[in-house]
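Comments concern the structure below.
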Amino acid sequence: MTKNDMVIQIAQETSIEQQKVKQIVQMTLDGIIEILAKEKRYELRNFGVFEVRMRKARKARNPRTGQEVMVPEKAVVTFKAGKIMEEKVEKSNESGASKAEPTKGA
């Protein structure tokens, strides 16, 4: 699903015009980015936690030349899913896995 797909779905479910929904969704995402830039952590209850962490500097290899290079330390955004999200995703994976598995004896 893309952001545009989400906008269309929300607009249909709420009878709000797509342009307004698109604005609201974009403002929400921009707000999360601003909070992460300033406070380094954003928690949405029952959804999850976004957090800015520092990735250590490390040695790597240039895939084209094979030459060893140093990759500098950098800030990365991590996400840890909330309990409700984890449970719902796990439940959907269990039901999806059972449908995908072939039946025995077939």
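The values are calculated or read from the model by the stated rules, or taken from the named source; none is laboratory data. Only a predicted model underlies this, so the values are computations on that prediction, with no experimental measurement involved. Cβ sites come from the backbone with ideal geometry, for glycine too, and all protein chains shown count toward neighbours.
Under the condition of being touching a residue at least 12 places away in the same chain (Cβ under 8 Å) and within 16 Å of the chain's Cα centre (by Cα), the residues counted in the range 5-25 number 2.
What is the residue count in the range 41-61 for residues that are farther than 30 Å from Ile8 by Cα, in a loop (DSSP other than H, G, I, E, B) and out of contact with any Asp or Glu (no Cβ under 8 Å at 6 or more places or on another chain)?
Selection size over the range 41-61: 0.
The single condition among (1) touching a residue at least 24 places away in the same chain (Cβ under 8 Å); (2) loosely packed, with under 14 Cβ neighbours inside 10 Å; (3) part of a helix (DSSP H, G or I) that Lys38 does not meet is (1).
For first residues located in the range 49-70 and of a type in the set (Gly, Ala, Ser), partners that are modelled with pLDDT of 95 or more and in a loop (DSSP other than H, G, I, E, B) and lie 6+ apart or on another chain with Cβ distances below 7 Å form the pairs Ala57/Pro72; Ala57/Glu73.
Take the residues in the range 70-98 that are among the small types (Gly, Ala, Ser) and out of contact with any strand residue (DSSP E or B) (no Cβ under 9 Å at 6 or more places or on another chain); name whichever of them is farthest from Ile32 (Cα to Cα). I'd like the intermediate steps shown before the answer.
Just the residues of the range 70-98 that are among the small types (Gly, Ala, Ser), to begin with: 75, 81-82, 92, 95-98.
Pick out the ones that are also out of contact with any strand residue (DSSP E or B) (no Cβ under 9 Å at 6 or more places or on another chain) and you get 92, 95-98.
Working: Ser92: 27, Ser95: 32, Gly96: 32, Ala97: 33, Ser98: 36 Å.
Among residues in the range 70-98 that are among the small types (Gly, Ala, Ser) and out of contact with any strand residue (DSSP E or B) (no Cβ under 9 Å at 6 or more places or on another chain), the one farthest from Ile32 (Cα to Cα) is Ser98.
Exactly one residue out of Arg45, Arg53, Arg64, Arg58 is outside the structural domain of Asn4 (by TED's automatic domain parsing) and within 23 Å of Val7 (Cα to Cα): that is Arg45. Any residue at all in the range 11-25 that is part of a strand (DSSP E or B) and surrounded by 10 or more Cβ atoms within 10 Å (Cβ to Cβ)? No - not one qualifying residue is present in the range 11-25.
Taking the conditions (1) over 16 Å from the mean Cα position of the chain (by Cα); (2) loosely packed, with under 11 Cβ neighbours inside 10 Å in turn, Val71 satisfies each one other than (2).
Of the residues making up the range 7-30, none is closer than 26 Å to Lys83 by Cα, of a type in the set (Gly, Ala, Ser) and modelled with pLDDT of 95 or more.
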